1. Basic (K, R) and touching a Phe, Trp or Tyr at 6+ places or on another chain (Cβ under 8 Å): which single residue out of R77, R21, R15 fits that description?
2. Take region 34-58 and flag every residue that is touching a residue at least 12 places away in the same chain (Cβ under 8 Å) and in a helix (DSSP H, G or I).
3. In region 63-112, what residues are among the hydroxyl-bearing types (S, T, Y) and crowded, with 17+ Cβ neighbours inside 10 Å?
4. Could you tell me which residue of region 120-141 is surrounded by the most Cβ atoms within 10 Å (Cβ to Cβ), considering only residues that are more than 21 Å from E156 (Cα to Cα) and touching a helix residue (DSSP H, G or I) at 6+ places or on another chain (Cβ under 7 Å)?
5. Here are some residues: K316, K309, K304. Which one is surrounded by fewer than 20 Cβ atoms within 10 Å (Cβ to Cβ) and not in a loop (DSSP other than H, G, I, E, B)?
6. Given the criteria open to solvent by less than 10 Å² (accessible area, probe 1.4 Å) and charged (D, E, K, R), does D206 qualify?
7. Here are some conditions: (1) open to solvent by 10 Å² or more (accessible area, probe 1.4 Å); (2) out of contact with any strand residue (DSSP E or B) (no Cβ under 9 Å at 6 or more places or on another chain); (3) touching a residue at least 40 places away in the same chain (Cβ under 8 Å); (4) in a loop (DSSP other than H, G, I, E, B). D225 meets all but one. Which one does it not meet?
8. Provide a single number: the residues in region 357-382 that are out of contact with any helix residue (DSSP H, G or I) (no Cβ under 8 Å at 6 or more places or on another chain) and among the basic types (K, R).
Amino acid sequence: MNGFEYLEEELQEMREEGVFRTLVPLESEQSAKVVINGKEVIQLSSNNYLGFAAHPRMKLAAVKAVEQFGAGTGSVRTIAGTFTMHEEFEQKLASFKHTEATLVFQSGFTANQAVLASLLTKEDVVISDELNHASIIDGIRLTKAARNIYKHVDMESLEQALRDTQNYRKRLVVTDGVFSMDGNIAPLPEIVALCEKYDAIIMVDDAHASGVLGRNGRGTVDHFDLNGRVHIQVGTLSKAIGVLGGYVASTQSVRDYLIHKGRPFLFTTSQPPAVTAACSEAIDILLEEPERIERLWENTKYFKAGLNKLGFDTGKSDTPITPVVVGDGAKAHQLSDKLLEYGVFAQGIAFPTVQKGKARVRTIVTADHTKELLDEALAAFEKAGKELRIIS
């Protein structure tokens, strides 16, 4: 008896349902092709949209920073862990995002937690899309504010929530810019219009839009030409940016308040020099190599069209996130296993990451994929899909 028998019982249930998974270690750098178990396969599960994770300039920036400033910072930002490079990067990022200020966190997850837990009180309410990311959900759980959930991208439901909450001091509407499992873009112009009509604050999590949408990858706010009309933008530095971390882009007052009240910022050691330097270099590459984003979208359209022609259900995606929806969780993992057998790494995703009955293999193409690689991947999908009777 070790006190954790109940965990093994739940794990056994997962095994019986066919949804128990083990971690898959990569044996190479993150790229369009990776090595798994000694075999080179096509990577379709990474968030490395623009190929920045292994970009030569990114690696060089990281190495130089280590040589000059060391491996770590040794402190939280508010004590001794703020280097000049941290503030220089935040100023560069604010300029890039067309906001007054930014503050960098160790992840997008902690950035969402910091904002939602510290900016709202019991006199306020947060209004959230029902399919928002887990980091938003957990951030809401940490706040003392009331909460109201509106139906996914349903503007009538959002307006009703805004009407029902007019007695609160402040109302904060929060939405993903791009929804991470379905790949659809939030109707931000309509959301902004409703927030302005009802005097609500709007917060957008641009984790999967940063580097993908907008001019030079500035995100959904820029994509819809809404600069100056969205109060808070949260994003990651670990997806299209290719490294690690998150940020909040907003006003100087929001930045200053989070420095004093944002617990993930206050109690976590600051980003190491290599991470900060590489993230800063990524902004320069976004500005200097816009063709990477163009190539990303060309590959996205090509791969989506190929999957749809084969008869796969790709849902309502309109971004490089392209789900192949199969419904049953065990079936999604069977498809993932077959694909790996045929040279494609595309992970199955089931409940609780997605709703029951909505399991899928989620694919993400990148700017580094060639048409030849995408054709190979489509051939693997066709073979595996037919064997599992997902397509005919």
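The values are calculated or read from the model by the stated rules, or taken from the named source; none is laboratory data. None of the values given here were measured: they were computed from a predicted structure. Don't worry about glycine lacking a Cβ; one is built from the backbone with ideal geometry, like all the others, and counts go over all protein chains shown. The protein model used for the area step is the full one, side chains on, heavy atoms only, and it has no ligands, DNA or RNA in it. Shrake-Rupley method; radii C 1.70, N 1.55, O 1.52, S 1.80 Å.
1. Details: R21 fails: touching a Phe, Trp or Tyr at 6+ places or on another chain (Cβ under 8 Å); R15 fails: touching a Phe, Trp or Tyr at 6+ places or on another chain (Cβ under 8 Å).
Criteria check complete, one pass: R77.
2. Result: F52, A53, A54, R57, M58.
3. First, the residues of region 63-112 that are among the hydroxyl-bearing types (S, T, Y): 73, 75, 78, 82, 84, 95, 99, 102, 107, 110.
T73, T99, T102, S107, T110 - these are the residues of region 63-112 that are among the hydroxyl-bearing types (S, T, Y) and crowded, with 17+ Cβ neighbours inside 10 Å.
4. G139
5. On the way: K316 fails: not in a loop (DSSP other than H, G, I, E, B); K304 fails: surrounded by fewer than 20 Cβ atoms within 10 Å (Cβ to Cβ).
Sole residue among the options that is surrounded by fewer than 20 Cβ atoms within 10 Å (Cβ to Cβ) and not in a loop (DSSP other than H, G, I, E, B): K309.
6. Details: open to solvent by less than 10 Å² (accessible area, probe 1.4 Å): yes; charged (D, E, K, R): yes.
So D206 fits the description; yes.
7. Failed condition: (3).
8. Final tally of qualifying residues: 2.
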